[in-house]
1. Provide a single number: the residues in the range 334-364 that are under 26 Å from residue 188 (Cα atoms) and surrounded by 15 or more Cβ atoms within 10 Å (Cβ to Cβ).
2. Could you check the range 166-214 and list, in sequence order, the residues that are of a type in the set (Ser, Thr, Tyr) and buried (at least 17 other Cβ atoms within 10 Å of the Cβ)?
3. Taking residue 264 as the residue in question, decide whether it is over 19 Å from residue 164 (Cβ atoms), among the basic types (Lys, Arg) and surrounded by 15 or more Cβ atoms within 10 Å (Cβ to Cβ).
4. Checking the conditions here, which among 52, 70, 45, 29 is farther than 16 Å from residue 123 by Cβ, in contact (Cβ under 8 Å) with a residue 12 or more places away in the chain and in contact with a Ser or Thr (Cβ under 7 Å, 6 or more places away or on another chain)?
5. Can you confirm whether residue 102 is among the polar types (S, T, N, Q), exposed (fewer than 15 other Cβ atoms within 10 Å of the Cβ) and modelled with pLDDT under 90?
6. Can we say residue 382 is of a type outside the set (Gly, Ala, Ser), under 29 Å from residue 732 (Cβ atoms) and either at pLDDT 90 or above or part of a strand (DSSP E or B) (or both)?
7. Taking the criterion of being crowded, with 16+ Cβ neighbours inside 10 Å and under 30 Å from residue 210 (Cα atoms), would at least one residue in the range 273-283 satisfy it?
Amino acid sequence: MGSRFSFFLFFTFFFLCNFSHLSIAQRLNFTSFNGSISPWSPTQNQTLLSPNSEFSAGFLSVPNSRNQFNFSVWFTKVPSNAVVWSAKSSVNSSDAIVFDSSASLTINSRGQLLLNDSSGKILWTPENPSTNSSSATLFLDNRGNLKFGSWESFQFPTNTFLPNQSIQETIFSLNGKFKFVNSLNLVLNSTSDQYYSTPSPLKSMDEAGRVDMVSSFFLTSDYGDTRLRKLVLDDDGNLRIYSFYPEEQNQWKMVWVALQEQCKIKGKCGANAICMPGEDSYSSTYCVCPSGFIENPGGVQQSGCSRRTQLTTNTKFLRLDYVNFTSNTGQMTQIEARNFTFCEARCSSDPECLGFGFKYDGSAYCVVLKQLLFGYWSPGTETALFLKVDRSETATSNFTGMTEILQTTCPVQISLPLPPKDSNTTTRNIVIICTLFAAELISGIAFFWSFLKRYIKYRDMATTLGLELLPAGGPKRFSYSELKAATNDFSNLIGKGGFGDVYKGELSDHRIVAVKCLKNVTGGDREFWAEVTIIARMHHLNLVRLWGFCAEKGQRILVYEYIPGGSLDKYLFRRRVVPVNSNGEEATPGHDPVPDPNTMQKPILDWNVRYRIALGVARAIAYLHEECLEWVLHCDIKPENILLGDDFCPKISDFGLAKLRKKQDMVTMSRRRGTPGYMAPEWITTEPITSKADVYSFGMVLLELVTGIRNFEIQGSEMKSEEWYFPGWAYDKMFKETRVEDILDNEIKYCYDSRAHFDLVTRMVKTAMWCLQDRPELRPTMGKVAKMLEGTVEIMEPKKPTVFFLGGE
């Protein structure tokens, strides 16, 4: 009997312990809060949990203070920086409500949600919740949206937007210094000065990393991965998107940032100071004083700088390269200055002027500064700043560019030692050297004459017997009947062009070839053979290989290797009208088939492939200009003459064929050679034609590789169509508006990663701008163009390309 009673007591104790444990667990996590479990205080350690358990809401300790709390929403499983919303004192405020452990959250009999302190004072209540008192419930949905009646926390964000949350409300940084207004503008809160605008108002963000705007969208760098994400206005004033990576030590990684240069955010430094990027340009900055200024007692960041010598009527200017001041509206006046002297004189005569900015690009841009606020240093600054100081100021500029450094470099003096005094053996040595030179010269002439006689004899014999197969794999001389059989009586036409028609064929050894039947060719068999021999000696990875030729029955035919990939234009211009060549004919030269709307589209070229194509073409043209035994001018560089082989290796076709044209054919063309849109300006003027004509054509092709559009297809512009110029439009987008995304090929814009591709695309565009200068002497050689693309030489800032009949800005 005693053992049964003991067992009963043990069972009762075990049941009560487990029941108590279950009750506590239930109180710690609940999915809704209503009047039946009101009030809710910080000491209860209760948490409101979303159905998917990804978000939690409740009382959260203030950092560094265990007895102070906020009422917040946070990511449940994120160990750091997890808060996404906190109750604020007012809508247009950044101050989160802080209270002690005696406060409590209640739902009264009228269905009102109230956060009260110990005295009953209302610390916070939702605005206009429109609830039914009998069903008033606070709950957290799966998106992290806290709801009470018609009130939602998504309508009153703090500094964070979550995926699928409408980005329409104004948010503040937690320190209250910055705000993001109308889902468009970043503003310094104390002065309402705007320092950044998105291209279009933001609408929403999804879990995969796509951010929709009113008129477009953009993708984060890790687009495609479904992750926890948040769009945050940080305390440094920058707008960023973060993704959570639990597999990388539970850290938040920045996957998009509004401003790449942190110093462009206003309010980083005090008056007269200049913001400088730190080691981590995305987050760290520091402030310095310009020349002639000293640090104020409160520090450069807060109090700024003051002049060491006050201004008098006798002043001068110090040039600060790469420095810009963006003062308050009304304190900067832009004027049109014909030259630098005019801009300088305007500031000198104005006692309120503290400095001026001037552009050396011929745009007549001059801005007069009456206030030195929000200064920053940036290598992308287009203006040179000239700071007004007193004439007695002895300080020199502490911001100098490369030009100033080169000008101040100490010169190196090189001197050669004096030659020794004339000795008695000098005359004898001169006689010996001259005798040996004369003997070698006579022997060389005799040997060359003997070789020339034998060469002419055997060459004529080989021509007579049809044995003109050159050594070392040179071009073979085919008979007309061989090529007729190979092309099935020239029935398989694969291309037309200014130099003739192209047919596909198969030789007797089963090699697939492209057979080009030339027209308007000069010279007889021997002259034609000599020119073809020169072309055949041009061996380069990026030139189409010439295998043979035919010169009989009035026919002039070239036999090339067959490139199955087709020409570059089929890949770049996927919906286009077939262009015309210089003769007004449909121009599809090379080995591309006649366009067939029923054929499959070509694959899209990514950025790395386009870069390799540009580099290969540049090296091939440089080879024709600088490395061949004979200088060769192509005269018709365009996408239709660039063929793509295996692994998209580019190969130039129709090189050297300009040497075979008849002179009268050139006269009828009135000096014009090539395809409209790719012709250099000197073809139309009376200036001499040099290799720089090919450089211009390559620059146009290089720009088309980046944009994916024809140079004569007018893009969005306010100019009249007859005044629109493709390179000028691209220059304005790239270097004036700094909107590189506007000139990228729409087909692959989605895969553009500014960190991976910005330097590559910028190098291609800058090189193209140098190639497209209207004056030939301003264009680089093709050898230098190849090095510019390789990144082995520094590319200076180019001038805006113009056309002689349009003029410059």
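The values are calculated or read from the model by the stated rules, or taken from the named source; none is laboratory data. If you're wondering where the values come from, they're calculated on a predicted model, not measured in any experiment. Positions of Cβ are generated from backbone atoms using ideal geometry, with glycine treated the same way; all protein chains shown enter the neighbour counts.
1. Matching residues across the range 334-364 total 5.
2. Answer for the range 166-214, where residues must be of a type in the set (Ser, Thr, Tyr) and buried (at least 17 other Cβ atoms within 10 Å of the Cβ): 173, 183, 195, 196, 198, 204.
3. yes
4. 29
5. It is false that residue 102 is among the polar types (S, T, N, Q), exposed (fewer than 15 other Cβ atoms within 10 Å of the Cβ) and modelled with pLDDT under 90.
6. No; evaluated as a whole, the condition is false for this residue.
7. yes
Every residue, every condition in (1) outside the structural domain of residue 102 (by TED's automatic domain parsing); (2) within 26 Å of residue 163 (Cα to Cα); (3) modelled with pLDDT under 80; (4) of a type in the set (S, T, N, Q), yes or no:
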| position | (1), (2), (3), (4) |
| --- | --- |
| 2 | yes, no, yes, no |
| 10 | yes, no, yes, no |
| 17 | yes, no, yes, no |
| 34 | no, no, no, yes |
| 60 | no, yes, no, no |
